[in-house]
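The structure under discussion appears below in the form of structure tokens.
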Amino acid sequence: MEEDGIIRKSWGNKLHICLIYPHVYRVGMSNLGFQIVYRLFNEHPLVLCERMFLPEPQGKGIKPVSVESKRPARDFHILAFSLSFENDYPRLLEVLSLSGIEIQAKKRSPDDPLIMAGGVAITLNPEPLADFVDLFLIGEGEVNIPPFLEYCLDAYLAGHEKEVLLEEIQKSIPYAYVPSLYEVEYDREGKISAFYPKKAGLPFRVKRAWKENLDEVGCEQVLTVPETEFGSMYLVEVNRGCGRGCRFCAAGFVYRPVRFRSAPVLKVSLERGLDKINRIGLLGTAVSDHPELIHLCSYIIEKGGQLSISSLRLDRITEQMAEALLQGGVKTVAIAPEAGSQRLRDLIHKGIDDRHIWEALKLLLERGMENLRLYFMIGLPSEKEEDVDSLIELVERIGNFKVPSVSGIRRWRKITVSINPFIPKPGTPLQWEPLAAGSYLKLQMGRIKKAFLRLPAVDLRLISFRESYLQALFSLGDRRVGQILAMYQEGHKWSQIFSHIKPHPDFWVHRKKDVTEIFPWDFIDHYVKKEKLVAEYLSSISAQILVDN
Ligand code: SF4
């Protein structure tokens, strides 16, 4: 395997951290956040950080070892899990188990490595993993990792016990969360009635770490590996957060405020990238809102490079933008109408209408864009069959859309349509909503599949209901979900577990919550007041009511 950028350090006299992506190598190495944390840990001269992934072939009981020195997890002081997606939670337990490490934090010995976790999923709601992880770091690594390392280095040099270190960290680092130091109480209905620290002097709330000036940190690819999903390009992060405030989206609320790297600093990253590969992947939650995006694209093109952009807001596709994409060698553009009907787009506060869609598609197709990737959700609050009909109709119209060109008629060569069930995300205005019923979602998926058979250019990607259900459970659950994860790790099937666990997982997944309810993640300060979220939620409900009148 050819890796450009691998960091190898001498093993002796250092704090040894194993950074683990609980998935296979190809998936983990495609994650820019994982690569950035690898660099952040290794920047400290007294820290050695190596990477670990789930071994392949999976399911064969192969013990994972680190990429750099081929050592097992037990050889490290700290195992740091990077968790961007909730559906990786069961694999965290699998890595521990394959490594011969007790999964339950309270049963581990003081000699076992310290288990920590961070990442996007953890920042939203770490509670389902509370039984297994010693320490969570909430928010962005550039801010929460340096103080964490200082405490760990002091503690390991002084030979402090793990419990002492964890309590010290909880008292001193505002972005740290040690779940064993907190108590949760439930009422008769099973809802959380109280959440509080077990000892005096511990904070009641944990802050999300965020870096104000992204120009001060290196937000770009660290390792270049041809075999990965983005192996043919150099990834550069353009921004974090988003100012648009779509009501379903964590980037628009939990990762506020929107921050852009400046053009001069980005150009340095682009040049570094173009020295390695001639294709640059511009990543971020609001890439198309960067005030100098056209200028940056032109810069890449002038240097002889090609570009790729993760996703574009429909209302940001101008003639200049379409031209830059084509000149930059982009053949496929990804856009997210999210819903077929205008009522639902307004309900989620998407801020686009049909005019934006058709103007953007015309501009792109006229200039020679070949392929389209569309993202939609089904099961949005108050959705009716006619809303799904609108989605089908919109895709049909896009499939049949054509523009005249010098060589004849031009139409989309391939349209990839990804349709995911709406999963409420913690910290967003729609967090009180449930995942739609399985019977409804399956029925609509069936209707969509049947309708799209008529469209040869459409490649439909549907996420299964089972996968969505688990994602919703791990997104919205509290620490009692830990027993479900533990049983799954013991070898039980999901259906067996769900049939006798209490409360039934539907309690978290399919229940519409009351605005007064205490959420498992309410102790995290995401810097958006709950009153603001409630106000946004109530506005969305007004849009829901419209459909019933
Ligand atoms: S969906 Fe896109 S535009 Fe809307 S808030 Fe999220 S990142 Fe921003």
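Values for this structure:
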item	result
Criterion (at pLDDT 95 or above and within 12 Å of the ligand (Cβ to nearest atom)) met by exactly one of Arg355, Arg345	Arg345
Options Ile392, Ile398, Ile419, Ile409; residue that is touching a residue at least 24 places away in the same chain (Cβ under 8 Å) and farther than 22 Å from Tyr440 by Cβ	Ile398
Filtered residue count, region 134-155, keeping only those that are part of a loop (DSSP other than H, G, I, E, B) and within 19 Å of the chain's Cα centre (by Cα)	2
All positions within region 115-136 that are of a type in the set (A, V, I, L, M) and either buried (at least 22 other Cβ atoms within 10 Å of the Cβ) or touching a Cys at 6+ places or on another chain (Cβ under 6 Å) (or both)	Ile115, Met116, Ala117, Ala121, Ile122, Leu124, Leu129, Val133, Leu135
In region 173-229, the residues that are open to solvent by less than 20 Å² (accessible area, probe 1.4 Å), basic (Lys, Arg) and assigned to a strand (DSSP E or B)	none
Cβ pairs under 8 Å, 6+ apart, first in region 503-517 and more than 24 Å from Leu538 (Cβ to Cβ), second surrounded by fewer than 15 Cβ atoms within 10 Å (Cβ to Cβ)	none
Any chance Gly368 is away from the ligand (no atom under 16 Å from the Cβ), assigned to a loop (DSSP other than H, G, I, E, B) and not assigned by TED's automatic domain parsing to the domain that holds Asp459	no
Residue in region 225-235 that is outside the structural domain of Met29 (by TED's automatic domain parsing) and within 16 Å of the ligand (Cβ to nearest atom) present	no
Test: residue in region 482-492 that is under 18 Å from Glu102 (Cα atoms), assigned to a helix (DSSP H, G or I), modelled with pLDDT of 95 or more and among the aromatic types (Phe, Trp, Tyr)	yes
Where Ile317 falls short, out of the listed (1) within 14 Å of Ser288 (Cβ to Cβ); (2) open to solvent by less than 10 Å² (accessible area, probe 1.4 Å); (3) within 16 Å of the ligand (Cβ to nearest atom)	(2)
Candidates Phe519, Phe474, filtered to the one that is open to solvent by less than 30 Å² (accessible area, probe 1.4 Å), in a helix (DSSP H, G or I) and under 25 Å from Leu380 (Cα atoms)	Phe474
Checklist (1) open to solvent by 40 Å² or more (accessible area, probe 1.4 Å); (2) touching an Asp or Glu at 6+ places or on another chain (Cβ under 7 Å) applied to Arg345, failing item	(1)
Of residues in region 230-240 being in a loop (DSSP other than H, G, I, E, B) and surrounded by 21 or more Cβ atoms within 10 Å (Cβ to Cβ), the one modelled with the lowest pLDDT	Met233
Residues satisfying the stated conditions in region 251-269, i.e. near the ligand (Cβ under 10 Å from one of its atoms), under 17 Å from Leu32 (Cβ atoms) and open to solvent by 20 Å² or more (accessible area, probe 1.4 Å)	Tyr255
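The values are calculated or read from the model by the stated rules, or taken from the named source; none is laboratory data. Bear in mind that the values here come from a model prediction, so they are computed numbers and not experimental data. As a convention, Cβ positions derive from the backbone with ideal geometry for all residues, glycine included, and neighbour counts pool all protein chains shown. For the accessible areas, the whole protein counts, side chains as well, though only heavy atoms, and no ligand, DNA or RNA atoms are used. Shrake-Rupley method; radii C 1.70, N 1.55, O 1.52, S 1.80 Å.
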